Amino acid sequence: MRTWKDVRQEVYTAEEIRESNLRVAIIGELIKARNEQGISQRELEQLSGVKQPIISRMEAGETSPQLDTILRVLAPLGKTLYVGDLEKV
């Protein structure tokens, strides 16, 4: 029986899988930070200037946000992006 991991490797290139994993990690950290701080999406809209529907779509994985949008949302949460080796991700 084939697993999702097997199918994923057949359908997507290694680069596409890495990019997907990075997107999931970044958005996961955003959601985690927002929840830990008890900040609603509406409150994050006020703090970041990014509209709540955009935040919602980002968190649901329905959009691929631009870097400046991610940075605007992360900053009020006390977070930033770190550039490092892919092997450590």
- prompt: For residue 52, which of the numbered conditions (1) in contact with an Asp or Glu (Cβ under 6 Å, 6 or more places away or on another chain); (2) open to solvent by 80 Å² or more (accessible area, probe 1.4 Å) fails to hold?
  reply: (2)
- prompt: What about residue 31, is it out of contact with any Lys or Arg (no Cβ under 6 Å at 6 or more places or on another chain), of a type in the set (A, V, I, L, M, F, W, C) and open to solvent by less than 60 Å² (accessible area, probe 1.4 Å)?
  reply: yes
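Just for region 72-86: of the residues that are part of a helix (DSSP H, G or I) and of a type outside the set (D, E, K, R), which one is modelled with the lowest pLDDT?
So the first thing to find is which residues in region 72-86 are part of a helix (DSSP H, G or I), and the list is 72-77, 86.
Adding the requirement that they be of a type outside the set (D, E, K, R) leaves 73-77, 86.
Working: 73: 97, 74: 96, 75: 96, 76: 96, 77: 96, 86: 66.
By that ranking, first place goes to 86.
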- request: Could you please tell me which pairs satisfy a Cβ distance under 8 Å, a separation of 6+ or placement on different chains, a first residue in region 7-25 that is in contact (Cβ under 8 Å) with a residue 12 or more places away in the chain and more than 16 Å from residue 59 (Cα to Cα), and a second residue that is of a type outside the set (Phe, Trp, Tyr) and not in a helix (DSSP H, G or I)?
  value: 18/89
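The values are calculated or read from the model by the stated rules, or taken from the named source; none is laboratory data. Model, not experiment: these values are computed from the prediction. Quick reminder, even Gly has a Cβ in these numbers, built from the backbone with ideal geometry, and neighbours come from all protein chains shown. These accessible areas exclude ligands, DNA and RNA; they are computed on the full protein's heavy atoms, side chains included. Shrake-Rupley method; radii C 1.70, N 1.55, O 1.52, S 1.80 Å.
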